Amino acid sequence: MYNGHVMKEIKRGMKNGIPIALGYLSVSFSFGAIAVSMGFSVMQSVLISLFNLTSAGQFASLGIIAGQGTYLEMAIVELTVNIRYAFMSLSLSQKVIYKWLLSFFITDEIFALSMLEENVSRTYFFGLASISTAGWMLGTTLGAMLGSIVPTVISNALSIALYAMFIAIIIPGMKKDKNIIKVVALAIIIRSGFYYLPIINQLSSGFAMTISALTSAFIGAVLFNKGEAHG
């Protein structure tokens, strides 16, 4: 009975993670193709994806490695780009039992899908993370091996699939709670400010995204909690 429940949760996680895997496959294809074009071998490209499961961090690392940058430069860039995952992990750690699973597999999309669950079992999270990671690894491998024969315009267009997939993930939650729509809209407005306004548009995308998410979430929590208390 217990084993049956475990397998059921793993399968449910994998089923929910299929859209993420497909989105990852297309984006990581571009990464693999770009990595090989910059002089990395197929194996090196795949290993970067295996040990650094973050699209923005991986793309940022290519230039530093190719340019023979220092370890300190790499550490600063990766921290800046990926700092948002620390806050995601803090939030999601209240739902995930095995923290070591979370520490490695947390991504924007896995976080968004996991937050839709009331409780995230380790078996569900394992299924969700494993299928998503498999998609990322497969895409990197295919991109590294076949990227040179695929037209650049097609390779670049594949990365758009990730944004469409992420939108598809958060829409169900927005339908259930209208307050989520307000928080998302607020986050978009704040993030747009970091892009268009002078001075602050010099901030890295990683910090800008982190500040936008935290600020909108804090404002939403304060305003909507008050509204519920009075209701």
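The values are calculated or read from the model by the stated rules, or taken from the named source; none is laboratory data. These numbers were taken from a predicted model, which means no experiment stands behind them. Cβ: placed from backbone, ideal geometry, glycine included. Neighbour counts: every protein chain shown. In case anyone asks, the SASA skips ligands and DNA or RNA and just uses the protein heavy atoms, side chains included. Shrake-Rupley method; radii C 1.70, N 1.55, O 1.52, S 1.80 Å.
Checking each residue in the range 110-147 for being of a type in the set (Val, Ile, Thr) and farther than 18 Å from Ser89 by Cα picks out Ile131, Thr140, Thr141. Please enumerate the residues belonging to the range 1-12 that are out of contact with any Ser or Thr (no Cβ under 7 Å at 6 or more places or on another chain) and in a helix (DSSP H, G or I). Correct list: Tyr2, Asn3, Gly4, His5, Met7, Lys8, Lys11, Arg12.
For Phe87, the conditions (1) over 14 Å from the mean Cα position of the chain (by Cα); (2) part of a helix (DSSP H, G or I); (3) touching a residue at least 40 places away in the same chain (Cβ under 8 Å) all hold with the exception of (1). Applying the condition of being among the β-branched types (Val, Ile, Thr) and farther than 19 Å from Thr210 by Cα to the range 62-78 and asking which residue is least open to solvent (accessible area, probe 1.4 Å) yields Ile64. The residue that is modelled with the lowest pLDDT, counting only those in the range 38-61 that are assigned to a helix (DSSP H, G or I) and surrounded by fewer than 19 Cβ atoms within 10 Å (Cβ to Cβ), is Ala56.
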